[in-house]
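The values are calculated or read from the model by the stated rules, or taken from the named source; none is laboratory data. Predicted model only: the values in this text are computed from it and were never measured. Backbone-built Cβ (ideal geometry, glycine too); neighbour counts: all protein chains shown.
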Amino acid sequence: MSEDWTIRSATGDDRPWIAGTLAEDLSRNSYLYGVAPKLVANLAASVAAPSAWDVAVACTADHDREAAGWVIYRLVPTLTIAYAHVEPAFRGLGAWRALRDHLGLRDGQLVGVVLAPPTAMQHARKKYQAKHNWGMVLEWLA
């Protein structure tokens with residue numbers, strides 16, 4: 001339920017966590033099979049760095065406001081999600097739904113997705129009009 005979560009913008013203190021979880025997730029992404037771990041870590045650091053992309057963090061709504069997940073996105077010209085992550089301990093508890101609601105993403109909506117692995121893209125295509133924009137990675141490699 002959305003009331004169990006608070007959504008806030010990422011802070012400088014969040015960036016190492018975001019880059020680290022992104023690097024770990026990307027290291028298992030079959031699209032990056034054979035890419036040196038250092039290059040994957042550099043890509044993750046570039047994506048997590050402050051840029052034209054927004055970053056929202058889902059936190060528990062209780063007193064300690066523990067960070068549970070994040071999403072890197074752009075709203076215009078079309079909602080595009082670079083990557084989303086929810087900590088394993090919080091999966092299935094509504095953190096992604098709260099982030100999705102924050103973005104205004106609805107079932108059947110057109111959404112661009114950049115770094116998602118094949119299984120995540122398969123799920124996104126069933127739920128949304130997800131278009132894989134893998135070429136946008138070049139922005140972070142430049």
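Quick look at the values:
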read-out: Odd one out for Thr78 among (1) within 23 Å of Lys131 (Cα to Cα); (2) in contact with a strand residue (DSSP E or B) (Cβ under 7 Å, 6 or more places away or on another chain); (3) hydroxyl-bearing (Ser, Thr, Tyr); (4) touching a residue at least 40 places away in the same chain (Cβ under 8 Å); value: (4)
read-out: Subset of the stretch 95-142 [in a helix (DSSP H, G or I) and among the small types (Gly, Ala, Ser)]; value: Ala95, Ala98, Ala120, Ala124, Gly135
read-out: Extreme residue, surrounded by the most Cβ atoms within 10 Å (Cβ to Cβ), among residues of the stretch 1-49 that are within 14 Å of the chain's Cα centre (by Cα) and assigned to a loop (DSSP other than H, G, I, E, B); value: Ala10
read-out: Pairs, first touching a residue at least 24 places away in the same chain (Cβ under 8 Å) in the stretch 111-135, second charged (D, E, K, R) and not in a helix (DSSP H, G or I), C-beta under 9 Å, six or more apart; value: Val111/Lys131; Gly112/Arg74; Gly112/Lys131; Val113/Lys131; Pro117/Arg28
read-out: Hey, His132 at pLDDT 95 or above and out of contact with any Cys (no Cβ under 7 Å at 6 or more places or on another chain) or not; value: no
read-out: Residue check for Ala116: within 14 Å of the chain's Cα centre (by Cα) and modelled with pLDDT under 95; value: yes
